[in-house]
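Derivation of every value follows stated rules applied to the coordinates shown; laboratory data play no part. Small disclaimer: the values here were computed from a predicted structure and weren't measured. Positions of Cβ are generated from backbone atoms using ideal geometry, with glycine treated the same way; all protein chains shown enter the neighbour counts.
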Amino acid sequence: MASITFKGRDVISVRDLSKDDLLYVLGIAKRLEQKHQPNLLRGRIMASMFFEPSTRTRLSFTAAMKRLGGDTIGFAKGDVTSTKKGETLWDTVKMIQEYSDVIVIRHSMEGAARLSAEAAAIPVINAGDGTNQHPTQTLIDLYTIQKDKGSLNGISIGFLGDLKYGRTVHSLAMALAHFKAKMYFIAPPALKMPDYYLDELEQQKVMLHETDDILKVVKHLDVLYVTRIQQERFPDPIEYEKYKNVYKVGPELLKYSKKDISIMHPLPRVGEIDPALDAFPNAAYFRQAANGIPVRQAVLSLVLGAVK
Ligand code: NCD
């Protein structure tokens, strides 16, 4: 493996990470999960700038930093900052970089994280920009698949739900293209995977299949990645009403699937997964959320140059 340097790097899109980069981060996450390092980020400050709602992402970044001995500043809502008075994102970032060593940003506008990275001299990590990308969620998803299935190579994965607006799907599909995954995109036509992603995957010779019927393809899947219909991204609330209940995954699906299928979800779920599924070992979503700690610890330690 060529030598990989993460120190000082921004993590904005999965497209910026090579296959070796992805595997490297997963390896560091494993190391940090096995051996707790309470002083690794002592004296470092993470600024979290969350302009959009978040539970897991913001709190697991915060916990990851604190468990490594670091500290955090930040906000969980844009309207408590000077943005409310009209300050630009550029100016806000210019200021916050003086108060911290790394910035984690979530924003409803595609490109906001990239813009912040241009403004800041310190590393910027994208914690979700609109419908675009969510690269650290992808690293968590890869880590979970690797743990559950033993390897990322050649897995068959179904993406179910809102593939149009779901940024976690966009990021994960791009990453899995490196691992010769077979991909099944399962969505109503109005919420299908955008063509520009499908084109990009086809150029990388990914085997892909589109359908709106989960029962037609479930038997092939090693992993089913379920997503929430992204209410806040719909320009028209009536459209959302049409699709909000299109899929519901429950224990009965396991009658048609491989016995050891992993059912993943970035969470929050809002009805698309029946809680009756939680008791089955196939339900991977809470394990997936727990993996947020070692994976985000790895990302933070790498960009801060604390691990090599
Ligand atoms: C996802 C997100 O914000 O894109 N949540 C998360 O980070 N775990 C998924 C979602 O909100 O549906």
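Side notes on the structure shown:
- GNM flexibility winner over the chain from LEU221, LEU139, LEU89 (Cα, springs under 10 Å): LEU89
- Over region 162-308, Cα pairs under 8 Å with separation of 6+ residues give a relative contact order of 20 percent.
- Paramagnetic reach from LYS147 in region 9-47 [backbone N under 15 Å; point 7 Å along Cα→Cβ]: 26-36
- Helical runs assigned H by DSSP (4 residues or longer) give the chain a calculated mean residue ellipticity at 222 nm of -10000 deg cm²/dmol, each run adding -39500 (n - 2.57) before division by the residue total.
- Relative contact order of the chain, defined on C-alpha pairs under 8 angstrom at six or more residues apart (%): 21 percent
- Rounded FRET efficiency, nearest 0.05, which uses the C-beta distance separating LYS308 from ALA276 and R0 of 41 Å: 0.35
- Value of Rg/Rh across the chain [Cα atoms, Kirkwood radius]: 0.96
- In the distance distribution for region 198-308, Cα-Cα pairs more than 17 Å apart total 67 percent.
- Once the Cα-Cα distance is subtracted from the 0.36 nm per residue extended length, the TRP90 to GLU200 segment shows a gain of 36.6 nm.
- Treating r as the C-beta distance of ASP79 and ALA121 and R0 as 25 Å, the FRET efficiency rounds to 0.40.
- Cα-based reach from LYS244 at 29 Å (exclusive), listing lysines while leaving out same-chain residues under 8 positions away: LYS77, LYS164, LYS182, LYS192, LYS216, LYS219, LYS255, LYS258, LYS259
- Rounded, prolate or oblate (a/c below 1.5 giving rounded, otherwise prolate when a/b exceeds b/c) for region 1-73 by Cα gyration tensor: oblate
- Sites SER108 and LYS219, calculated FRET efficiency, Cβ-Cβ separation with R0 41 Å, nearest 0.05: 0.60
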